[in-house]
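Throughout, read-outs are computed from the coordinates displayed, never taken from laboratory work. If you're wondering where the values come from, they're calculated on a predicted model, not measured in any experiment. Because the Cβ atoms are built from the backbone with ideal geometry, glycine has one as well, and the counts that use them run over all protein chains shown.
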Amino acid sequence: MHAVDRRPGSVSLDGTWRFQLLPAPDAEPGPQWDEAPVPGCWTMHDPRDLPHYTNVQMPFPHHPPLVPEANPTGVYEREFEVPAQWAGRRTVLHVGAAESVLIAEIDGAPVGIGKDSHLASEFDITAAVRPGGRHTLRLTVVKWSDASHIEDQDQWWHGGITRSVSLHATDVLYLDDVAVRAGHDGELRVDCRVRGPLDGGWSVSGELEGYGELVQDTAHDASNRELGRVSAFLGEARLSAIVSGVRPWSAESPSLYGLTVRLHRGDGSVADTSYQRIGFRTVEIRGRDLLVNGDRVLIRGVNRHDFHPLTGRVVTEPDMRADLVTMKRFGFNAVRTSHYPNDPVLLDLADELGLYVVDEADIESHDHAHEIADDPRYLPAFVERVSRMALRDKNHPSVIVWSLGNESDYGAHHDAAAAWVRRHDPTRPVQYEGAAKTDWSSTGIASDIVCPMYASLGEITAHARSGEQTKPLILCEYSHAMGNSNGTLADHWAEIETTPGLQGGFIWEFRDHGILQRTADGRPAGPATAPGAYANGITAPGYRWAYGGDFGDTPNDGVFCADGMVFPDRTPKPAMYEHRELAAPVRLSYDPASGTATVHNRQYVRDLAWLRAEWLIGGEESGNRTVPAELPDVPPGGSAPIALPAELPEFPRLPGHPGLPGHPELPAEGGELWLTLRVTTADDQSWAPAGTEICTPSVRLRERTAAWPPPAAGGGAVETDADGLLVHPLLTAPPVLGLWRAPTDNDLLGGAAARWRDWGLDALVRKPVSVTRDGEGRVTAVAEYPTAVGTVVHEQVFTARADGSLLVEETATLPEALHDVARVGSVLETAAGLDTMEWYGPGPWESYPDRCAGGAVARHRAPVDELFTPYLRPQESGGRSGVRSFTLTGADGSGLAVRLDAPRQVSVTRHRAADLAAAAHHDELTPLDRSVVHIDAAHRGLGTASCGPDTLPPYLVAPGTHRWSWTVRPV
């Protein structure tokens, strides 16, 4: 492996190849050939071997290193021509990646074998080909091997050639490797390794874009261990320079310089050239801090697999760019290549766009981790996979940490691999979660960083405050994004930003791995068969997002592959907006005593000149208004006051404020008033065009001041049935008590859903107790809801008001045994045709009590059909946290308006909870023609208990008495 980029000038062999899928490696190909794309996964187009999803368990029962005899084997074949001008040159075949074993043959003769599903294999085929000649290339790919046991990586199992195939040629005297070390202080060192006939004389030269020629070192102090030795006899040479005025590379400011290295023959002519873009940056650990260019940088990361819903493991440059652009737009500054080296193109893009990379070796032996960690038969594979990754990727400034792999226990193999990579590249730290699993204060010799997986907030903060922490703590995985999830992100970041020793982490994970499936035949829908089959995370009729088990794959781990921050088509989930706001480069604060607002620059390198802003004034009673804003000049890490919008005096004065100029006597209205700074890009960025929204920090200027409950007299009698259920012309089902929600993935895997079902909360039966009326027509209805652990008493008081509205006052008393329920509130169904919702509260996207930092408080409007979030397995979704009031209207503007006594959790969708819970996929759901409305006095947080901690205690729903009230009126 090497870091010389041979892509320029190479000849691509990608395209349509002849193909046969054999049942085992020893089966002989027949005369009949099919066709297959290269790169491509045969599991995405051949019905005889479809995708198979497992997380921890292997898809077969054999213990390492054994594999099944029934072992799908793909044979790929095509002709190619060697350019005649390559005569006298060295010819190399490059296969970017193949799963799992690759056997290469030319004209029937073997030329090599490779065994690493996520790194390239290169074969010197000079002796096997003839310049100007035409040859037959056969690539045989065997799906299962001993290596499969260390590629057990929570992913779809595929087979095929998954990255590009090409040919390139070099002179017989060639650059075998170029290693760059470029510090943020401008010190540059380039080590070259030359192969070929060295006795004819040779030299190297280098040029740095914007700087000029580099100096070739001619004398080296063999005693200087830091500098190291070079040997001309071994084909080694070194170039160096001190670059003055260098612009350091960072995720915020990814400055790159073109570096050209030339290899000269003895007569001075150029035999070979290497070009790459390099960045000047330094990574070091100092005490408990990971430093980039001398600065402690919070790592706001996400884990990423190679994935596409139509092509499986095969991803193109536009795919990878779209992944990283999406990450950048939502505030991520780091990516972990879980759990294998990605295509070199991804690292090129991370260099260009600005993302820190934890580069992870292709090692995960999850199902047999303890057996393999010290098994000497696997020692060479561990060291080779780590070393080949480092050899390939060492010149990328984006790579700041080497990872030895994932979930493979901890053994001698890890220590050996860590020793190799530290010796080869002392400029980067090494991490491995397994080395720190049992004792964070002593992480063994295989990890320079404490990088736990799904540790609780309490655990990491306790460690940081214990006085025993000796290394940076950066979570390699946290906040499992499975279904409706990512609760308590704001709580995590509040602690991370204020606790020395905590430095961030990587959310699991970026993308749902749902494969587009044709429901008619159950097969994957490839690019040619799925035009327009999905958009905005939703599949068209006849298609669905498939997960484990949907292709007949047994054993499988079900929907556990749908755990991304974006849907399979890269549509952002609501949690992405939560993260965007928490990672925002700009924050806003407000001092009500002085009436001043302050802008805070949360960046490390940049000022705010690249941003623009406008004010959104959101009044509960006066509606929204957008006015210009002028961002002050704020240096990195600094703060400065920002002028409030001049239009604010048109709104009533703020409580506690001495009065706005010219309007000291304005009366206070009853509703809340919020001020949001909508921040966008001022100019085009490499990852966002001008005008792209970056964040929306908000502050509250005034609380709601109107009295509650409102006056309740003069409305006449309230109509109910004999059991005290409300009869209302705009409701098709009256408000009743709701204690249950369609289980989220976290509810199911964390155990809460089973507890709720055991209690009977999913099948509550209302038993009326009493219905009374007073002289003004007010109705009090009391009902009981028996459960397996006690009875809930629910009281509703209905009062008709003179303005035509109805006041509903509710009380629910839960017995102590119901210590953790999903919700306490009302559920009702509206009349048909009320298809638009407008609400005042956070938005416009979905939010929940422990995931509600990502939306501006203002008036929002959306079709009811768009309020629902189509998580791959149907579940509770579409909620809006902190809603103060809302309307549901039809095409003519008529409908109903609801005002709440306090900010409440509200959801409005086309689905009942029971229907959601009964469905495995969205094609099994039939939307109602009306809306199902939940108004919750209390709603349980989301947490991440499908893999990791549950929600925190403040977000649990306690037993005891809950009270809430609301008004409904026609509009």
Item to check | Antiparallel content of DSSP bridges confined to the chain, in %, to 5 | outcome: 90 percent
Next on the checklist: Given Cβ point charges of +1 (Lys, Arg) and -1 (Asp, Glu) and nothing else, what value in debye, to the nearest 20, does the dipole of the chain about its Cα centre take?
Outcome noted: 1220 debye
Next on the checklist: Which of rounded, prolate or oblate describes the stretch 569-651 when judged by the alpha-carbon gyration tensor and an a/c cut-off of 1.5?
Outcome noted: oblate
Checklist entry - What's the FRET efficiency of E213 with S686 using the Cβ-Cβ distance as r and R₀ = 25 Å, to the nearest 0.05? => result 0.30
Checklist entry - A763 to A127: FRET efficiency via 1/(1 + (r/R0)^6), r the Cβ-Cβ distance, R0 60 Å, to the nearest 0.05? => result 0.20
Checklist entry - Put +1 on the Cβ of each Lys and Arg and -1 on the Cβ of each Asp and Glu in the chain; which of V718, G88, P25 then has its Cα farthest toward the positive end of the dipole? => result V718
Next on the checklist: At a 10 angstrom cut-off on C-beta neighbours, averaged per residue, how do the peptides 126-134, 783-791, 322-330 rank from highest to lowest?
Outcome noted: 322-330, 783-791, 126-134
Next on the checklist: Classify the chain from the C-alpha gyration tensor, please: rounded if a/c falls under 1.5, else prolate or oblate depending on whether a/b exceeds b/c.
Outcome noted: prolate
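Ranking request for peptides 28-41, 305-318, 66-79: highest mean number of other beta-carbon atoms within 10 Å first, then the rest in descending order.
Working: 28-41: 16.0, 305-318: 21.1, 66-79: 17.9.
So the peptides 28-41, 305-318, 66-79, ranked by packing, come out 305-318, 66-79, 28-41.
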Checklist entry - Counting other C-beta atoms within 10 Å, which of M58, M576 has the fewest, and how do the rest follow? => result M58, M576
Next on the checklist: Under a crude label model (7 Å from the Cα following the beta-carbon direction), how far is I242 from R7 in nanometres?
Outcome noted: 3.5 nm
Checklist outcome for this item: In order over the stretch 844-850: 3J(HN,Hα) from phi, Karplus 6.51/-1.76/1.60, θ = phi - 60°, whole Hz, x for each Gly or Pro, gives x, 8, 4, 8, 9, x, 9
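Above 19 Å lies some portion of the pair distances; for the stretch 24-92, what is it as a whole percent of all C-alpha pairs?
Tail fraction, whole percent: 58.
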Item to check | Alpha-carbon centroids, the stretch 400-473 and the stretch 736-771: separation in whole Å | outcome: 42 Å
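Quick one: dipole size for the stretch 11-169, taken about the Cα centre, charges +1 on Lys/Arg Cβ and -1 on Asp/Glu Cβ, in debye to the nearest 20.
Values: 11 positive and 21 negative charges, 107 e Å.
Around 520 debye, computed over the stretch 11-169.
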Checklist outcome for this item: With x for Gly and Pro, the residue-by-residue ³J(HN,Hα) of the stretch 590-597, computed from phi through the Karplus equation 6.51 cos²θ - 1.76 cosθ + 1.60 at θ = phi - 60° and given in whole Hz, is 9, 9, x, 5, 9, x, 10, 10
Checklist entry - Once you treat every alpha carbon in the stretch 381-527 as an equal point and sum by Debye, what is log10 I(q)/I(0) at q = 0.10, 0.22 Å⁻¹? => result -0.45, -1.32
Checklist entry - If the chain between V793 and S231 were fully stretched, how many nm would it gain, using 0.36 nm times the residue separation less the Cα-Cα distance? => result 193.8 nm
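Select from the chain the helices, each a whole stretch of DSSP H, whose alpha-carbon atoms run 20 Å or more along the helix axis and whose Kyte-Doolittle mean is at least 0.0; answer none if there are none.
379-393
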Checklist outcome for this item: Percent relative contact order for the chain, counting Cα pairs under 8 Å at least six residues apart, stands at 9 percent
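Net charge near H63, counting Lys/Arg +1 and Asp/Glu -1 over other residues with Cβ under 13 Å of its Cβ?
The answer is -4.
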Checklist entry - With r defined as the distance between the Cβ atoms of E459 and E35 and R0 fixed at 56 Å, what FRET efficiency is calculated, to the nearest 0.05? => result 0.55
Item to check | Integer Hz, Karplus 6.51/-1.76/1.60 couplings in order for the stretch 79-92, x for Gly and Pro | outcome: 8, 8, 10, 8, x, 4, 6, 7, 4, x, 10, 8, 10, 10
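What percent does the relative contact order of the stretch 184-278 come to when contacts are Cα pairs within less than 8 Å and at least six residues apart?
Across the stretch 184-278, relative contact order equals 37 percent.
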Item to check | Selection from P131, G201, G526 lying farthest towards where the dipole of the chain points positive, charges on Cβ | outcome: G201
Checklist entry - Which of the lysines could a cross-linker span from K394 if the Cα-Cα distance has to be under 28 Å and same-chain partners fewer than 8 positions apart are dropped? => result K115, K328, K437, K471
Next on the checklist: If amide hydrogens are placed 1.01 Å from N in the peptide plane, which non-local residues have theirs closer than 5 Å to the one on H264?
Outcome noted: S203, V204, S205, A271
Item to check | Prolate/oblate/rounded call for the stretch 184-278, Cα gyration tensor, a/c under 1.5 rounded | outcome: oblate
Checklist outcome for this item: Within the under-10-Å Cβ sphere about V771, not counting V771, Lys/Arg +1 and Asp/Glu -1 give a net charge of -1
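Can you tell me, using C-alpha contacts under 8 Å and at least 6 residues apart, the relative contact order of the stretch 11-169 as a whole percent?
Relative contact order for the stretch 11-169 comes out at 35 percent.
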Checklist entry - Given the C-alpha centroids of the stretch 238-316 and the stretch 920-947, what is the distance between them in whole angstrom? => result 45 Å
Next on the checklist: Out of the trypsin sites (Lys or Arg not before Pro) in the stretch 847-915, which ones are loop residues according to DSSP with at most 16 other C-beta atoms within 10 Å?
Outcome noted: R912
Checklist entry - Given H placed on each backbone N at 1.01 Å, which residues far from T720 in sequence or on other chains put an amide H within less than 5 Å of it? => result V727
Checklist entry - So what's the net charge close to I496: Lys and Arg +1, Asp and Glu -1, counting the other residues with Cβ under 14 Å from its Cβ? => result 0
